[in-house]
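Asks: Okay, handing you the structure first.
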Amino acid sequence: MNIPNSSLKRVVIIGGGFAGIALAKKLRNKYLQVVLIDKHNYHTFQPLLYQVATGGLEAGSIAYPIRKVIQEYKDFYFRLTSVKEIDTKNQKVISEIGDLYYDYLVIATGSKTNYFGNKEIERNSMSMKTIPQSLNIRSLILENFEQAVLTKDINESNALTNFILVGAGPTGVELAGALAEMKKAILQKDYPDLDISKMQINLIQSGDRVLNTMSEKSSAAAEKFLSDLGVKIWKNVQVTNYDGRTVTTNSDLTFETATVIWTAGVQGAAIFGLPASSLVDRVLRIRVNEFNQVKGFDNIFAIGDIASMETKKYPQGHPMMAQPAMQQGKLLGDNLVKFISGKIMEPFEYNDKGSMATIGRNLAVVDLPHYHFSGIFAWFVWMFVHLFSLIGFKNKAVVFLNWVYNYIRFDREGRLIVRPYKKKSFITFTSDEI
């Protein structure tokens with residue numbers, strides 16, 4: 001990897017997400033050699049991916065160059081590559097561009113979409129965990145309408161404009177609301193020769209309520225907002241298969257669609273090399289103690305979504321969200337310095353600052369530790385928190401101006417097919433089948 005030898009202890013961080021960046025900032029100029037590895041050269045603000053997918057924002061406004069984050073940091077290096085394996089015996093990270101010795105290793109690889117072992121759903125549906133995936137979704141949505149304009153087959157047209165979102169967590173709810181607003185104010189102008197009223201947005205949830213990690217009050221408010229926007233919500237329904245054309249469920253309910261977006265679950269983005277005893281089989285998260293040390297190792301740590309710190313309050317580990325990741329990254333930065341110098345580390349305790357989700361224009365829900373509210377005030381709170389959390393003044397300014405413009409004009413000008421995406425698995429209808 002062409003990292004210079006140094007008398008300083010080497011800390012290798014795998015992953016430039018919320019946890020990895022928070023740790024990197026804490027290790028700035030701490031008399032350590034730090035190497036940050038990621039398969040992308042940018043940090044992604046994942047909570048706004050759905051806005052890229054629906055044309056509300058361009059990809060560049062929610063991404064920030066990792067090298068720009070660390071460019072003023074002494075003895076700090078970044079390498080663009082994917083890690084293939086960890087050699088814990090020889091303390092090496094094995095990557096596509098070479099091997100790298102570490103004194104201390106921090107795994108912050110985050111999470112990936114969990115299809116629960118269903119390979120056909122994985123092959124035929126869309127996921128939304130990265131910017132390229134969001135751009136693919138945006139292209140597919142717009143291409144569906146371009147194709148619907150051309151077809152004279154009513155069944156194919158209906159399938160092309162029927163969107164199935166599986167999973168009613170924050171991502172599914174926010175994406176459903178954004179699609180509903182596009183239907184209401186934009187698509188009918190873009191496609192006057194298409195009956196947009198036939199466009200369907202179906203949100204399927206295996207549980208008995210949407211946003212089931214939030215309060216019942218916020219869940220009920222979000223469901224009402226979505227219903228008022230025209231989103232069809234199907235609760236207590238499990239999707240069992242999708243062959244590229246037909247969605248089947250655990251009931252008699254089926255859907256004919258060209259687009260399934262899967263937001264029904266996540267699992268840890270695990271790396272080969274750790275013993276099986278260090279992993280939680282069900283979700284592939286890494287077991288850590290209260291100091292984020294991987295079980296069985298003193299010099300290997302895991303933070304963020306990949307880390308499963310089982311406590312009395314969180315028996316299955318902390319929520320796989322940005323706040324726990326950033327808090328773990330910040331604390332580990334201090335703890336690593338203490339650990340290396342022989343001092344006692346501070347145990348991690350998650351400070352739950354609340355959660356929120358936006359459904360659409362003037363519509364959001366917010367859960368604070370002792371207060372729950374919804375509506376326009378919650379929407380402004382959501383906007384302020386997300387703007388404040390973005391990295392870089394330019395990104396904050398661009399996102400703010402986009403939101404102001406979209407609010408005034410009720411428009412989304414990012415409706416561009418800049419990277420065409422053709423879904424080969426979609427089975428078109430023929431006249432013989434009608």
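The values are calculated or read from the model by the stated rules, or taken from the named source; none is laboratory data. Quick caveat, the model's predicted, so the values are computed rather than measured. Note that each Cβ is placed from the backbone with ideal geometry, even for glycine, and that neighbours are counted across all protein chains shown. Remember, those area values only see protein heavy atoms, side chains included, never the ligands or the DNA or RNA. Shrake-Rupley method; radii C 1.70, N 1.55, O 1.52, S 1.80 Å.
Asks: Pairs of alpha-carbon atoms within less than 8 angstrom and 6+ residues apart define the contacts here; what relative contact order does the chain have, in percent?
Replies: Working: 876 pairs, mean separation 88.6, N = 434.
It rounds to 20 percent for the chain.
Asks: Once you have the Cα-Cα distance between K422 and E290, take 0.36 nm times their residue separation minus that, and quote the gain in nm to one decimal.
Replies: Taking 0.36 nm per residue and subtracting the Cα distance, the gain is 42.9 nm.
Asks: Convert each backbone phi in the range 352-359 into a coupling constant with the Karplus relation 6.51 cos²θ - 1.76 cosθ + 1.60 (shift: θ = phi - 60°), then list the ³J(HN,Hα) values in order as whole Hz, x for Gly and Pro.
Replies: Listing the rounded values in order: 6, 8, x, 9, 7, 8, 10, 10 Hz.
Asks: Would you grab the residues whose amide H sits under 5 Å from the one on L279? Only those 5+ places off in sequence or on another chain, please, with H modelled 1.01 Å from N.
Replies: Excluding prolines and chain starts, which carry no amide H, the hits are R287.
Asks: Ok, one more. Of the listed peptides 341-349, 171-179, 263-271, what is their order by residue-averaged count of other C-beta atoms within 10 Å, with the highest listed first?
Replies: 171-179, 263-271, 341-349
Asks: Between (1) 40, 23, 22; (2) 31, 28, 24; (3) 39, 30, 20, which entry matches semi-axes √(5λ) of the Cα gyration tensor in Å as derived from the coordinates of this structure?
Replies: This structure yields the entry labelled (1).
Asks: I've got another one for you. What distance in nm separates the simple spin-label points at D208 and K119, each placed 7 Å from Cα in the Cβ direction?
Replies: About 3.7 nm, to one decimal.
Asks: When only DSSP loop residues count, what chymotrypsin sites (Phe, Trp or Tyr not before Pro) in the range 1-66 have their Cβ near at most 15 other Cβ atoms within 10 Å?
Replies: Answer by residue number: Y31.
Asks: With a sphere of radius 15 Å drawn around the Cβ of L211, what net charge do the other residues whose Cβ falls strictly inside it have (Lys, Arg +1; Asp, Glu -1)?
Replies: Here the charged neighbours net out to -1.
Asks: Could you please state how large a percent of the accessible area of the range 303-417 is carbon and sulfur, counting protein chains only and using a 1.4 Å probe? Display every interim value, and only then the final one.
Replies: Values: 3940 of 6260 Å².
Ligands and nucleic acids excluded, carbon and sulfur give 63 percent.
Asks: Right, here's the next one. Would you give the gap between the C-alpha center of the range 363-380 and the C-alpha center of the range 190-241, rounded to a whole Å?
Replies: So the two Cα centres are separated by 19 Å.
Asks: Per residue of the chain, what 222 nm ellipticity follows from adding -39500 (n - 2.57) for every DSSP H run with n ≥ 4, rounded to the nearest 500?
Replies: Only helices count here, giving -9500 deg cm²/dmol.
Asks: Between T240 and residues 5 or more places away or on another chain, which pairs have amide H atoms under 5 Å apart, with H built 1.01 Å from N, and which residues are they?
Replies: Here the answer is T248, T249, N250, since their amide H atoms fall under 5 Å of that of T240.
Asks: Long-range amide H contacts for L27: which residues qualify at under 5 Å (H placed 1.01 Å from N, peptide plane, sequence gap of 5 or more or a different chain)?
Replies: Answer set, sorted by chain and number: none.
Asks: For the range 48-54, in order, what is each residue's ³J(HN,Hα) by Karplus, 6.51 cos²θ - 1.76 cosθ + 1.60 with θ = phi - 60°, in whole Hz (x at glycine and Pro)?
Replies: Taking θ as phi minus 60°, the curve returns 10, 4, 5, 6, 5, 5, 10 Hz for the range 48-54.
Asks: While we're on this one: Once the mean 1/r over all distinct Cα pairs of the range 1-104 is inverted, what Kirkwood radius in angstroms do you read off?
Replies: One decimal place: 14.7 Å for the Kirkwood radius.
Asks: Would you mind counting up the charge near A222? Only other residues with Cβ under 12 Å from its Cβ, with Lys and Arg at +1 and Asp and Glu at -1.
Replies: It works out to a net charge of -2.
Asks: Can you work out ³J(HN,Hα) from phi for every residue in the range 234-247, in order, using Karplus 6.51 cos²θ - 1.76 cosθ + 1.60 and θ = phi - 60°, giving whole Hz and x for Gly and Pro?
Replies: Here the 3J(HN,Hα) series is 10, 9, 6, 10, 10, 7, 9, 6, 8, 9, x, 9, 10, 8 Hz.
Asks: Taking the alpha-carbon distance from K68 and a cut-off under 17 Å, which lysines remain once sequence neighbours fewer than 8 residues away in the same chain are dropped?
Replies: By straight Cα distance, K68 reaches K25, K26, K39, K394, K396.
Asks: Between the range 114-148 and the range 1-48, what is the separation of their alpha carbon centroids in Å?
Replies: Their Cα centres are 30 Å away from one another.
Asks: Another question, if that's okay. Using only the Cα atoms of the range 268-311, construct the convex hull and provide its projected area averaged over every direction, in square nanometres to one decimal.
Replies: Working: hull surface 11.6 nm².
Convex hull of Cα atoms, orientation-averaged projection: 2.9 nm².
Asks: Follow-up question, since we're still on this one. Using a Gaussian network for the chain with springs between C-alpha atoms less than 10 Å apart, which of these wobbles most: Y421, Y242, Y314?
Replies: Of Y421, Y242, Y314, the most mobile in the Gaussian network model is Y314.
Asks: Between the DSSP loop rule and a limit of at most 14 other Cβ atoms within 10 Å, which trypsin sites (Lys or Arg not before Pro) in the range 114-155 are left?
Replies: K152
Asks: Near Q71, within a Cβ-to-Cβ distance under 14 Å, what is the net charge of the other residues, with Lys and Arg +1 and Asp and Glu -1?
Replies: +3
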